[in-house]
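Chemist: The structure that follows is given in the form of structure tokens.
Please treat every number below as a calculation from the coordinates, not as lab data. All values reported here derive from a predicted model rather than from experimental measurement. With ideal geometry, Cβ positions are generated from the backbone for all residues, glycine too; neighbour counts draw on all protein chains shown.
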Amino acid sequence: MFERLVPHPLLSLTLTLVWLGLVNTFTLGNLILGVAIGLIVPMATAPYWPDRPKVGRPMKVVEYAVVVLWDIVIANIQVAAIIMFKREKDIRSHWISVPLDLTSAEAITVLAGTITMTPGTVSSTLSADGRCILVHCLHTDDPDEVRDTIKSRYEARLKEIFE
Amino acid sequence: MNFLIELLISFSLVVSGIFGFVGSFGLLKLRNTMQRLHAPTKATTLGVGGVLIASMAYFFAQTGSLSIHELLITLFLFLTAPISANFIAKAFMTRNLSQDDLPPTGRDYGWAPFDDPPDTPPDARG
């Protein structure tokens, strides 16, 4: 019964909080409206995510968010330094192919987004069978090290969260 | 207004100005599309972030109530920036590159823009 009424508790919670944030004032009416949206939207969209993965450990999600936010700040400073202080011909860009252990589409999407937001890398595409991700690196002397960092720092954490 | 809050607001605004400038400057300086993509996806995140922190601090000091809109802008920015970057990268690859310009996938299939997918979707095979 609960499963049918609230098919996606995390999405319901997120929608309610985002609604309260959008109206920016906390009143009982807004809360009820937010909860209503948080209940109706997941029910209406349930057919679109048939095999969604269960997010088992909320603390891991928080840890991941903190790691990524910190890396985004570092990424900004690094990329700014490369743009401002490196001469054009010293910038060595590489395409890097990173094999994936993740299999669920949701986890790969989060990984691709993370790669784009963090140090000097933009995720570009997947291989046709979805088991390998193509990353463009703005400047590096050691492409293998970038690949290993992505795998150990982000992919390993996502694997714990989604699988 | 408290001096410390004013200091925080000015500092955030200056930082965001610097990073916004660097992001735009990167568009001018870098050589090709893929390199230019790095400037707006990263250097501007802190640029926008700085303005949002300043805005939150200012309205907190002025009205005494915390504004959540800025946090939501951050959230939406983090959701949309990687996706638009990915679209630009894909459009660039399909127009200007071929499989030979890219590193091998190390698998039986090539990169998605240049090769057909296998019959079953990847997450169905595990």
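Chemist: A:THR125's amide H: which non-local residues (gap 5+, or another chain) put their own amide H closer than 5 Å, with H modeled 1.01 Å from N in plane and none for Pro or chain starts?
Modeler: The answer is A:LEU134.
Chemist: Could you tell me which of the pairs A:LYS89/B:LYS29; A:LYS60/A:LYS159; A:LYS159/B:LYS90 are separated by over 22 angstrom between their Cα atoms in the structure shown?
Modeler: Details: A:LYS89/B:LYS29 11 Å; A:LYS60/A:LYS159 10 Å; A:LYS159/B:LYS90 26 Å.
Result: A:LYS159/B:LYS90 exceed 22 Å.
Chemist: Now a separate question. Determine ³J(HN,Hα), in whole Hz, for all residues of region A:99-106 in sequence, where each value follows from phi through the Karplus function 6.51 cos²θ - 1.76 cosθ + 1.60 and θ = phi - 60°; x replaces Gly and Pro.
Modeler: x, 9, 8, 5, 10, 6, 4, 5
Chemist: For region B:68-112, state what percent of all Cα-Cα pairs lands in each successive 5 Å bin, counting from 0 Å until the bin that includes the largest distance.
Modeler: Here the calculated profile for region B:68-112 is 5, 18, 17, 15, 14, 10, 9, 7, 4, 1.
Chemist: Read phi for every residue in region A:130-143 and hand back ³J(HN,Hα) as whole Hz from Karplus 6.51 cos²θ - 1.76 cosθ + 1.60, θ = phi - 60°, with x for Gly and Pro.
Modeler: Computed from phi, the couplings for region A:130-143 are x, 10, 7, 10, 9, 10, 9, 10, 5, 8, 7, 9, 9, x Hz.
Chemist: What is the spin-label model distance, in nm, from B:LEU75 to A:ILE37 if the labels are put 7 Å beyond Cα along the C-beta direction?
Modeler: If labels sit at B:LEU75 and A:ILE37, their model points lie 0.9 nm apart.
Chemist: Please report, in whole Å³, the volume per residue of the convex hull around the C-alpha atoms of region A:64-110.
Modeler: 99
Chemist: Long-range amide H contacts for B:LEU102: which residues qualify at under 5 Å (H placed 1.01 Å from N, peptide plane, sequence gap of 5 or more or a different chain)?
Modeler: Distant-sequence amide H within range of B:LEU102: zero hits.
Chemist: If you take the alpha carbon radius of gyration of region B:3-97 and divide it by 2.2 N^0.38 Å, what ratio comes out, to two decimals?
Modeler: 1.32
Chemist: Report the Cα centroid-to-centroid distance between region B:32-60 and region B:1-21 in angstrom, as an integer.
Modeler: 14
Chemist: Determine, from the Cβ-Cβ distance of A:VAL73 and A:ALA44 and an R0 of 30 Å, the FRET efficiency 1/(1 + (r/R0)^6), rounded to the nearest 0.05.
Modeler: With a Förster radius of 30 Å, E is 0.20.
Chemist: On to the next question. Tell me, what is the FRET efficiency for B:SER65 and A:MET59 to the nearest 0.05, using R0 = 22 angstrom and their Cβ-Cβ distance as r?
Modeler: The computed FRET efficiency comes out at 0.15.
Chemist: Quick one: divide the alpha-carbon radius of gyration of region A:58-162 by 2.2 N^0.38 Å and tell me what you get.
Modeler: My calculation over the Cα atoms of region A:58-162 gives 1.08.
Chemist: Now, a different point. What whole-number volume per residue, in cubic angstrom, does the convex hull of the C-alpha atoms of the protein assembly as shown give? Walk me through the intermediate numbers first.
Modeler: Values: hull volume 43.7 nm³, N = 289.
Hull volume normalised by residue count: 151 Å³.
Chemist: Can you pull a Stokes-Einstein diffusion coefficient for region A:31-110 at 4 °C (1.567 mPa s), Rh from Kirkwood over Cα pairs, as a whole number of µm²/s?
Modeler: Approximately 75 µm²/s, per Stokes-Einstein.
Chemist: Kindly give the semi-axes, whole Å and largest first, of the ellipsoid equivalent to region A:2-48, taking each as the square root of 5 times a Cα gyration tensor eigenvalue.
Modeler: Listed largest to smallest, the semi-axes of region A:2-48 are 21, 10, 8 Å.
Chemist: If you don't mind, another one. From Cα pairs below 8 angstrom and at least 6 apart in sequence, can you work out the relative contact order of region B:3-97, rounded to a whole percent?
Modeler: Details: 77 pairs, mean separation 28.9, N = 95.
Reported relative contact order: 30 percent.
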